[in-house]
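Asker: Take a look at this one; I'll ask things after.
Bear in mind that the values in this text are calculations on the coordinates, not laboratory data. Remember, it's a predicted structure, so these values are computed and weren't measured experimentally. Because the Cβ atoms are built from the backbone with ideal geometry, glycine has one as well, and the counts that use them run over all protein chains shown.
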Amino acid sequence: MALSQAQTDVRRAHANGGAGVLVSGIAWLTAAIAFLAAGPKPAFITLFICGLAIAPVAQLVTKFVFRAPPTTLGKRLEIIAIATVPVLLAGFYIAWRGMGEAPFAAVPIVAIAVGLRYLAFPVMYGGLVFAGLGATFIAGGAAGLAAPESAALPMAFALALTELAVGTLLARQWRAGHTLA
């Protein structure tokens, strides 16, 4: 089996990754609203709780909203999503450990972890979209760390809106029968 065939199968079965990116965008938007309303610690907790729900909710959206077929040839590539979870957990752990001293840095640290995880997704899906998302999250997290008290909140909103836009694009491409670019 060729890698490109497996990637095509994964894109077909996961709506180009659009469902997961949209659900993640909603999680980031929820965390940004919590940040605005109550500060960085509630935003971090919200992001953690919503982050735990991303995969199962995205699977439900893929199945019941998009009615995408299950993977066949690409089943083994889905392991990438599972294998990269420790990167996220490490980001959350590092952010949590530093929360007392630098609460505004917590969400940017998680953004960098999300970006690092996204960098593995081009292998799973093919194309450069997820590499771009990874770079965007890493750059956003770095900007948030450079000036955490002034940049962390707008960074969280910007990353949420970016994911919502990219997720919508991916889902529309999938509906139209086009693959990632």
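Asker: What net charge is computed for the residues neighbouring residue 104, neighbours being all others with C-beta under 11 Å from the C-beta of residue 104, Lys and Arg scored +1, Asp and Glu -1? If you can, show how the numbers build up before the last one.
Answerer: On the way: positive: 41; negative: 101, 149.
For residues surrounding residue 104, the net value is -1.
Asker: Return, for the Cα atoms of the stretch 3-175, the radius of gyration and Dmax in Å, separated by a comma.
Answerer: Spelled out, the Cα radius of gyration and Dmax of the stretch 3-175 are 15.7, 48 Å.
Asker: Residue farthest toward the positive end of the dipole of the chain, with Cβ of Lys/Arg at +1 and Asp/Glu at -1: which of 106, 70, 142?
Answerer: 70
Asker: Using DSSP to call loops (not H, G, I, E or B), can you name the chymotrypsin sites (Phe, Trp or Tyr not before Pro) in the stretch 34-123 whose Cβ has at most 13 other Cβ atoms within 10 angstrom? Before the final figure, lay out the partial values.
Answerer: Working: sites: 35, 44, 48, 64, 66, 92, 93, 96, 104, 118; in loops: 66.
Loop-located and lightly packed - none at all.
Asker: Another one. On a 0 to 90 degree scale, rounded to 10, what angle separates helix 106-118 from the longest Cα axis of the chain?
Answerer: The answer is roughly 20 degrees.
Asker: Separate question: Once every DSSP H run of n ≥ 4 in the chain is given -39500 (n - 2.57) and the sum is divided by its residues, what mean residue ellipticity at 222 nm do you get, rounded to the nearest 500 deg cm²/dmol?
Answerer: Values: 9 runs with 136 residues, N = 181.
About -24500 deg cm²/dmol.
Asker: When only C-alpha pairs under 8 Å and at least 6 residues apart count, what is the relative contact order of the stretch 50-150, in percent? Each step should come with its number before you reach the end.
Answerer: On the way: 99 pairs, mean separation 23.7, N = 101.
Reported relative contact order: 23 percent.
Asker: Then there is this: Charges only on Cβ, +1 for Lys and Arg, -1 for Asp and Glu: so what's the dipole of the stretch 1-144 about the Cα centre, in debye to the nearest 20?
Answerer: 300 debye
Asker: Right, next: Determine ³J(HN,Hα), in whole Hz, for all residues of the stretch 139-155 in sequence, where each value follows from phi through the Karplus function 6.51 cos²θ - 1.76 cosθ + 1.60 and θ = phi - 60°; x replaces Gly and Pro.
Answerer: Ordered by residue, 3J(HN,Hα) equals 5, x, x, 5, 5, x, 6, 5, 9, x, 6, 9, 9, 4, 5, x, 4 Hz.
Asker: Continuing with this model, one more query. Report the extension gain between residue 169 and residue 97 in nm, rounded to one decimal, defined as 0.36 nm multiplied by the number of residues separating them, less their alpha carbon distance.
Answerer: 22.3 nm is the gain from fully extending residue 169 to residue 97.
Asker: Below 8 Å, C-alpha to C-alpha, sequence gap of six or more: please give me the relative contact order for the stretch 82-140 in percent. Numbers along the way, then the final one.
Answerer: On the way: 69 pairs, mean separation 18.9, N = 59.
Reported as a whole number, the value is 32 percent.
Asker: For the stretch 1-94, compute Rg over Rh where Rg is the Cα radius of gyration and Rh is the Kirkwood radius from the inverse mean 1/r over Cα pairs. Let's see the in-between values first.
Answerer: Details: Rg = 15.3 Å, Rh = 14.5 Å.
Rg/Rh for the stretch 1-94 comes to 1.06.
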